[in-house]
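The values are calculated or read from the model by the stated rules, or taken from the named source; none is laboratory data. Because the structure is predicted, anything quoted here is derived from the model rather than measured. A quick note on method: Cβ atoms are made from the backbone with ideal geometry, for glycine too, and the neighbour counts reach across all protein chains shown.
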Amino acid sequence: MRNAFRRRPSAALVIACLALFVALGGVGYAAATINGKNIVKGTITAKQIKDRSLGSKDLSKRAVRALRSLRGPRGLKGVAGPQGAAGAPGSALAFALVRADGTVDTELSQNVTAANVVASGAGVYGFRGLSFRPRGIDVTMSFDSAAVTGGNVGGGVGFIGDCTTVAGVDQACASSNDDADAGAEPRAFFVVFN
């Protein structure tokens, strides 16, 4: 076993290792020192360039303009495709635009009719006879409310349950206010039931 380590490498092995180191060193040297300035014009052909590896920044402005002119004019707009499927329904149980007099805008309402709204005349509105049990209510003032004052902030309030202000209402109540005072006023509002 000791004799195997004391043997000298053959001349062929030494020459092969030397050739390997020179080849590897040559590639490294070439990669580190050869750049675009060292390449003679016209020596690299299209076959030597990888497909789709050149961008507009690699081409002259004249070449880019020439390529754009080959594109041609834009074609006519195609025929509209078929209408897509209807989206998923929203999570609201019902919504409505309630006018100041308690009437309901049927185009902007779902699952709430004028028969469901009782107006007190003092800006408090009760909801009864709804086909669902409301769990939450959101009230927002409508911009088409009459005499909305510009600088003051108003809003709407709603709650679920008995409405003592409006007789015979046991499902929900809303009040509208379009100015900074605390009193309710009869104004149009949007209501959403969840």
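Contact map, the range 55-84: first residue closer than 23 Å to Gly36 by Cβ, second residue part of a loop (DSSP other than H, G, I, E, B), Cβ cut-off under 8 Å, separation 6 or more or different chains; pairs are Leu67/Leu59.
Residues are listed down the side, and each one gets a yes or a no for (1) farther than 30 Å from Ser176 by Cα; (2) among the charged types (D, E, K, R):
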site	(1), (2)
Asn35	yes, no
Asn38	yes, no
Ile44	yes, no
Arg65	yes, yes
Gln83	yes, no
Pro89	no, no
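If you check Ala100, Ala92, Ala88 for being under 30 Å from Arg128 (Cα atoms), in contact with a Lys or Arg (Cβ under 8 Å, 6 or more places away or on another chain), at pLDDT 80 or above and in a loop (DSSP other than H, G, I, E, B), only one passes: Ala100.
So for the range 87-96 (the condition being over 30 Å from Ala114 (Cβ atoms), surrounded by fewer than 10 Cβ atoms within 10 Å (Cβ to Cβ) and out of contact with any Leu (no Cβ under 9 Å at 6 or more places or on another chain)), does at least one residue qualify? No. The listed residues are Ser109, Ser53, and the only one of them that is part of a strand (DSSP E or B) and of a type in the set (Gly, Ala, Ser) turns out to be Ser109. Every test in (1) under 30 Å from the mean Cα position of the chain (by Cα); (2) over 23 Å from Val191 (Cβ atoms); (3) of a type outside the set (A, V, I, L, M) is passed by Gly72 save one, and that test is (1).
Number of residues in the range 97-118 that are surrounded by 18 or more Cβ atoms within 10 Å (Cβ to Cβ) and farther than 22 Å from Gly136 by Cβ equals 2.
Restrict the check to the range 40-48 and report whether at least one residue is of a type in the set (D, E, K, R), at pLDDT 80 or above and assigned to a loop (DSSP other than H, G, I, E, B). No, the range 40-48 contains no residue that is of a type in the set (D, E, K, R), at pLDDT 80 or above and assigned to a loop (DSSP other than H, G, I, E, B).
Checking each residue in the range 65-85 for being farther than 30 Å from Gly55 by Cα and of a type in the set (S, T, N, Q) picks out only Gln83.
Restricted to the range 134-194, the set of strands (runs of 3 or more DSSP E) holding at least 1 residues that are at pLDDT 70 or above and touching a Leu at 6+ places or on another chain (Cβ under 9 Å) comprises 172-177, 189-193. For first residues located in the range 123-152 and under 16 Å from Ala92 (Cα atoms) and acidic (Asp, Glu), partners that are modelled with pLDDT of 80 or more and in a strand (DSSP E or B) and lie 6+ apart or on another chain with Cβ distances below 6 Å form the pairs Asp138/Val192.
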